[in-house]
Amino acid sequence: MVTQHRAWTSLVLTGLIIGAAFIAIYVGLQRDPEPSRLPIAVVGEQLATAAHAGFGDAVAVRQVANIEDGGALVRNGDAIAVLGATSPATLTLDYAGASGFSESGAARQLVAGLATRAGATVQEHDIVPLASYDSRGLSAFYVVFGVTLSSFVLAQGLTAATAKVRLRHRLYAMGGFAVAIGVTAATIAGPIYGSLTAPFPLLALSLILLSAASAFTTKALGAWLGPAGIGLAVLTLTTIGNATSGATIGVDLLPQWAQAISAKLPPGAAVRAVNNFGYFDGSHAVAPLVVLATWFLAGLGFVLLRQRVGQRRAAPIATTA
């Protein structure tokens, strides 16, 4: 047997690109995250003016009439925290720990700096705390990463088995797997471990759509682009998608390019759906589900289109033969 060097060199090159990209993106985003337009509600015109001058572009100050109005914004996920003052020497900060350590930590650090410059003290209250069994706020990341990775592996294997498995059976397998992994992941992270607090049906639905989006997108890219499409799926879904999801580093601490794509990729959409259903009364959770459904349906559509194109090309050959 004669070795075809192009066959193995392309695989080695693809592996190097994926590995380098994975390390560069994950490590790069962790180097020096800085808040940009972090949403904080501030009570009263005077304090809002001082906060705007003190925070600069790091914070998007939203003036509210009282601490209750600001607290409502925090509980709906529209603000990370609400800043008020009980006296000239005492500030109050009600924040959402469920927004993640990076975002809530950035808000607390910024307010502490503002208070120090003003010679005031800060009284802090976590009014939307993380689940007791998710002490670091990373459960959503691991669940989303696991569902994405397993769905990608299935789609990759089915793409390689094209000659052995009919298309409809491949589609049934991916659809059935999406339901199975979504329910399984939701059961483990929800009722069993108590790490994700979203209502079980909504948690399962979010993860089912994530699996379908990941699997059918991978299948479509593989069907149209071959091995290069599989590599592109790894970069888009597993690497870039999970790194920019906002689960490990808050969205408002990501670079502008990462913020722009975070909510548009399946992992980022899934993290938002899971957290919004779990901590913020489902506020803004519909949009992430629409994103996931769009990726799923687009992937399915391109798979079916590729099959039709292949059949049309094969028809004239069969007729001539």
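The values are calculated or read from the model by the stated rules, or taken from the named source; none is laboratory data. What you see is a predicted model, and the numbers here were worked out from it, not measured in a lab. Counting neighbours? That spans all protein chains shown, and the Cβs are built from the backbone with ideal geometry, glycine included.
Pairs needed: first member in region 178-202, exposed (fewer than 13 other Cβ atoms within 10 Å of the Cβ); second member anywhere, part of a helix (DSSP H, G or I); C-beta distance under 8 Å; at least 6 residues apart or different chains.
If the second residue must be part of a helix (DSSP H, G or I), the pairs left are PRO191/PHE200.
Would you point out the residue of region 55-66, among those that are surrounded by 18 or more Cβ atoms within 10 Å (Cβ to Cβ) and either farther than 16 Å from LEU253 by Cα or without any contact (Cβ under 8 Å) to a residue 40 or more places away in the chain (or both), that is nearest to the chain's Cα centre (by Cα)?
VAL61
Within region 280-294, can you find the residues that are surrounded by fewer than 23 Cβ atoms within 10 Å (Cβ to Cβ) and either aliphatic (A, V, I, L, M) or in a helix (DSSP H, G or I) (or both)?
Answer for region 280-294, where residues must be surrounded by fewer than 23 Cβ atoms within 10 Å (Cβ to Cβ) and either aliphatic (A, V, I, L, M) or in a helix (DSSP H, G or I) (or both): ALA285, VAL286, ALA287, LEU289, VAL290, VAL291, ALA293, THR294.
Considering only residues that are more than 26 Å from ALA173 (Cβ to Cβ) and hydrophobic (A, V, I, L, M, F, W, C), look in region 272-304 and name the one that is farthest from the chain's Cα centre (by Cα). Lay out the reasoning, then the answer.
Restricting attention to region 272-304, the residues satisfying the condition of being more than 26 Å from ALA173 (Cβ to Cβ) are 272, 275-287.
Next cut, hydrophobic (A, V, I, L, M, F, W, C) only: 277, 280, 285-287.
Details: PHE277: 14, PHE280: 16, ALA285: 12, VAL286: 14, ALA287: 13 Å.
Checked region 272-304; the qualifying residue farthest from the chain's Cα centre (by Cα) is PHE280.
Just one of THR148, THR92 is of a type in the set (Ser, Thr, Tyr), surrounded by 14 or more Cβ atoms within 10 Å (Cβ to Cβ) and in a strand (DSSP E or B); which is it? Show your work before the answer.
On the way: THR148 fails: in a strand (DSSP E or B).
Among THR148, THR92, only THR92 is of a type in the set (Ser, Thr, Tyr), surrounded by 14 or more Cβ atoms within 10 Å (Cβ to Cβ) and in a strand (DSSP E or B).
Consider ALA233 carefully, then state whether it is surrounded by 22 or more Cβ atoms within 10 Å (Cβ to Cβ) and within 21 Å of GLY97 (Cα to Cα). Show your work before the answer.
Details: surrounded by 22 or more Cβ atoms within 10 Å (Cβ to Cβ): yes; within 21 Å of GLY97 (Cα to Cα): no.
Here the answer is no, as ALA233 does not meet what is asked.
Please pick out the residue among ALA120, ALA48, ALA81 that is modelled with pLDDT of 95 or more, crowded, with 20+ Cβ neighbours inside 10 Å and not assigned by TED's automatic domain parsing to the domain that holds HIS284.
Numbers: ALA120 fails: crowded, with 20+ Cβ neighbours inside 10 Å; ALA48 fails: crowded, with 20+ Cβ neighbours inside 10 Å.
After ruling out the rest, the residue left standing is ALA81.
When residues of region 151-169 are filtered for being under 23 Å from LEU235 (Cα atoms) and either within 21 Å of the chain's Cα centre (by Cα) or assigned to a helix (DSSP H, G or I) (or both), how many remain?
As a first pass, look at region 151-169 and keep what is under 23 Å from LEU235 (Cα atoms): 151-162.
If we keep only those that are either within 21 Å of the chain's Cα centre (by Cα) or assigned to a helix (DSSP H, G or I) (or both) as well, we get 151-160.
Residues that pass the stated criteria total 10.
In this structure, is ALA51 within 28 Å of PHE280 (Cα to Cα) and either free of Cβ contacts under 8 Å to residues at least 60 places away in the same chain or more than 22 Å from the chain's Cα centre (by Cα) (or both)?
Numbers: within 28 Å of PHE280 (Cα to Cα): yes; either free of Cβ contacts under 8 Å to residues at least 60 places away in the same chain or more than 22 Å from the chain's Cα centre (by Cα) (or both): yes.
Against the criterion (within 28 Å of PHE280 (Cα to Cα) and either free of Cβ contacts under 8 Å to residues at least 60 places away in the same chain or more than 22 Å from the chain's Cα centre (by Cα) (or both)), ALA51 qualifies.
Please go through region 131-145 and pick out each residue that is in contact (Cβ under 8 Å) with a residue 60 or more places away in the chain and surrounded by fewer than 16 Cβ atoms within 10 Å (Cβ to Cβ).
The answer is SER132, TYR133.
In region 217-263, what residues are in a loop (DSSP other than H, G, I, E, B) and either among the aromatic types (Phe, Trp, Tyr) or touching a residue at least 60 places away in the same chain (Cβ under 8 Å) (or both)?
Within region 217-263, THR244, SER245, GLY246, ALA247, THR248, ILE249, GLY250, LEU254, PRO255 meet the criteria.
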